[in-house]
Amino acid sequence: MSSYMKHLTEEWIAKAKGDYRVASREKSRKLPVYDAICFHAQQFVEKYMKAVLQESDIPFPKTHDLLLLLNLCSNLVPTLEEYRSEMAKLCVFAVNFRYPGEFAEPEDALVAYSAMKKIRNVIRKHFLR
């Protein structure tokens, strides 16, 4: 990332990287916790988009709504728009699997992890320009 990045942007990225590491570590386990993969994939994307907005001085609300964040980011990183459907799927992982009653399935974790990696690549390119 850029050596001229704002301090708060760097903090958002550091938090996002933590979520990425947790999701990746959990995915590689013999008995992964699918709920955790889904939650941390969603959190990664949320924090990475907030880093983009922070760096560009665009205010954003406290939200887990990836589609709202995408709308705010789309002029800054137009290629993120290609992942709107993936972000819609990730949105439900912010809360749904954190409480009793619903559990993520292996397919959910695969979708979440794949979306996280794709979106990570797009935003990394944005910061490396």
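Odds and ends about this structure:
- Taking a quarter of the surface of the Cα convex hull of the chain gives a mean projected area of 7.6 nm².
- Here is the list for segment 31-103: trypsin sites (Lys or Arg not before Pro) lying in DSSP coil, each with at most 12 other C-beta atoms within 10 angstrom of its C-beta, are LYS62.
- Here each label is just a point 7 Å from Cα along the line to Cβ, and for ASP65 and VAL95 those points are 1.1 nm apart.
- Summed residue charge, Cβ within 14 Å of ASP35's Cβ, Lys/Arg positive, Asp/Glu negative: -3
- Portion, in percent, of the accessible area of segment 25-129 that falls on carbon or sulfur, probe 1.4 Å: 54 percent
- Summed residue charge, Cβ within 10 Å of ALA109's Cβ, Lys/Arg positive, Asp/Glu negative: -4
- Relative contact order (percent, whole number), segment 21-129, Cα cutoff 8 Å, 6+ residue spacing: 37 percent
- Size of electric dipole in segment 1-122: Cβ of Lys, Arg +1 and of Asp, Glu -1, about Cα centre, debye, nearest 20: 420 debye
- Taking all protein chains together, VAL122, VAL45, VAL92 sort by accessible area into VAL92, VAL122, VAL45, largest first [probe 1.4 Å].
- Surface accessible to a 1.4 Å probe, per residue, for the residues of the chain, Å²: 57 Å²
- Cut-off of 10 Å, at most 12 other beta carbons, DSSP loop: longest stretch of the chain lacking such chymotrypsin sites (Phe, Trp or Tyr not before Pro): 5-102
- C-alpha center-to-center spacing [segment 80-94, segment 102-129] in angstrom: 9 Å
The values are calculated or read from the model by the stated rules, or taken from the named source; none is laboratory data. It should be emphasised that the depicted structure is a prediction, and the values quoted were computed from it without experimental measurement. Neighbour counts are summed over all protein chains in view; Cβ atoms, including those assigned to glycine, are modelled from backbone coordinates with ideal geometry. Accessible surface areas use protein heavy atoms only, side chains included; no ligands, DNA or RNA. Shrake-Rupley method; radii C 1.70, N 1.55, O 1.52, S 1.80 Å.
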